[in-house]
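Undergrad: Dropping a structure here in structure tokens format, bear with me for questions.
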Amino acid sequence: MGLRVKPTQRQRRLGQELRNLREAAGVGAAEASARAGLNKPHLSHIEAGRTACPEPRLRTLLDTYGCRDATLTRALVELTNAPGKGWWSAYRDLGDEQAGDLAELESLTTAYRAFDWMRIPGLLQTPAYMRSLCAGADPGAPPELIDARVEFGLRRQRALTDPPGPRPFHAVVHEAAFHMRFVNGRTMREQLTYLVELAQFPHITIQLLPFRRAAYPATPGCPFTIHDAAAPQLSTVHVELPGSALFLGDRRDLERFGADFARISGLSLAPLDPASRHEKTSYGLIQHLRYIL
């Protein structure tokens, strides 16, 4: 079987964690390869996500590394046995090579922590808001491509409710996002109403970070989402960059972004709650924005 030219995020993440476990155990590549019946280059390709690691060899490697974490073992087995073809496979022509990686990651996510200071996070967007962003980002795109991108974005939102059940979503949105002229006033007011509706679900927490709080946005100064996994070691940070994105799984990155999110959340207004009408809450700021936009 030939090597993968473009490994998916799932395949890279699996390989990265196997390398992390090997290095943490102090096991050399030659020893690990011999124990699993592989040659050294083959193991290198597995760790880079360029080739598959069948479950029997995966379990042998985990035994070699002394992995006794049952949750992590189950999660790694799930990653190696995943077919790689989900609903996102029908959207290969969106002009975004990372869209499928993100959708697959969301299918494995158990909880979300998202921060954005330019836009409403994608999983919380209304169709009209999403359509405006898609059209504005690619003015020359044909209508059918915009339709497909919106359809894809709306399908992604089902990750919050599809089996295995509702997944906690905690979003912090900077007040600046509501003043951006990516969308018209009517679309933004509809979006504000939708956020209030979403906040009534017990698994969705939305906070607003007002201008008056002196807070540097985040580690990279870019929007990001922490995708928590059943095994914490497999959590991933998705960082949105201009025209691209990063998927980070290093433990230091997870700790750094996790600390950043906790700091930003602590500086933000109380979570959006229609029952709390005090002006110094997220709901109070929403009401103010409705009036001025």
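The values are calculated or read from the model by the stated rules, or taken from the named source; none is laboratory data. All values derive from a computational prediction rather than experimental measurement. In this analysis, Cβ positions are derived from the backbone assuming ideal geometry, glycine residues included, and neighbour counts consider all displayed protein chains. Only protein heavy atoms, including side chains, enter the accessible area calculation; ligands, DNA and RNA are left aside. Shrake-Rupley method; radii C 1.70, N 1.55, O 1.52, S 1.80 Å.
Undergrad: Answer with yes or no whether residue 182 is at pLDDT below 95, over 14 Å from residue 119 (Cβ atoms) and either open to solvent by 70 Å² or more (accessible area, probe 1.4 Å) or not in a helix (DSSP H, G or I) (or both). Spell out the reasoning first.
TA: Working: at pLDDT below 95: yes; over 14 Å from residue 119 (Cβ atoms): no; either open to solvent by 70 Å² or more (accessible area, probe 1.4 Å) or not in a helix (DSSP H, G or I) (or both): yes.
For residue 182, the condition - at pLDDT below 95, over 14 Å from residue 119 (Cβ atoms) and either open to solvent by 70 Å² or more (accessible area, probe 1.4 Å) or not in a helix (DSSP H, G or I) (or both) - is not met.
Undergrad: A further question follows. Please indicate, with yes or no, whether at least one residue in the range 150-158 is farther than 30 Å from residue 215 by Cβ, in contact with a Gly (Cβ under 9 Å, 6 or more places away or on another chain), open to solvent by less than 60 Å² (accessible area, probe 1.4 Å) and modelled with pLDDT of 90 or more.
TA: For the range 150-158, residues farther than 30 Å from residue 215 by Cβ, in contact with a Gly (Cβ under 9 Å, 6 or more places away or on another chain), open to solvent by less than 60 Å² (accessible area, probe 1.4 Å) and modelled with pLDDT of 90 or more: absent.
Yes/no per residue for (1) of a type in the set (Gly, Ala, Ser); (2) outside any loop (DSSP other than H, G, I, E, B):
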position	(1), (2)
186	no, yes
202	no, no
215	yes, no
225	no, yes
239	no, yes
263	no, yes
274	no, no
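Undergrad: For residues that are open to solvent by 10 Å² or more (accessible area, probe 1.4 Å) and charged (D, E, K, R), tally how many sit in the range 105-119.
TA: 2
Undergrad: Which helices (runs of 4 or more DSSP H) sit wholly inside the range 70-149 and have at least 3 residues that are under 18 Å from the mean Cα position of the chain (by Cα)? Give the steps one after another, and end with the answer.
TA: Numbers: elements: 70-81, 99-108, 127-137.
Because the criterion is at least 3 residues that are under 18 Å from the mean Cα position of the chain (by Cα), the helices (runs of 4 or more DSSP H) in the range 70-149 that meet it are 99-108.
Undergrad: Another question about this same structure. Looking at the range 36-57 only, could you name the residues that are open to solvent by 30 Å² or more (accessible area, probe 1.4 Å), closer than 12 Å to residue 80 by Cα and among the small types (Gly, Ala, Ser)?
TA: If the condition is that a residue be open to solvent by 30 Å² or more (accessible area, probe 1.4 Å), closer than 12 Å to residue 80 by Cα and among the small types (Gly, Ala, Ser), then 52 is the only one that fits.
Undergrad: Given the options 275, 245, 262, 231, name the one that is within 30 Å of residue 78 (Cα to Cα), open to solvent by 60 Å² or more (accessible area, probe 1.4 Å) and not basic (Lys, Arg).
TA: Among 275, 245, 262, 231, only 262 is within 30 Å of residue 78 (Cα to Cα), open to solvent by 60 Å² or more (accessible area, probe 1.4 Å) and not basic (Lys, Arg).
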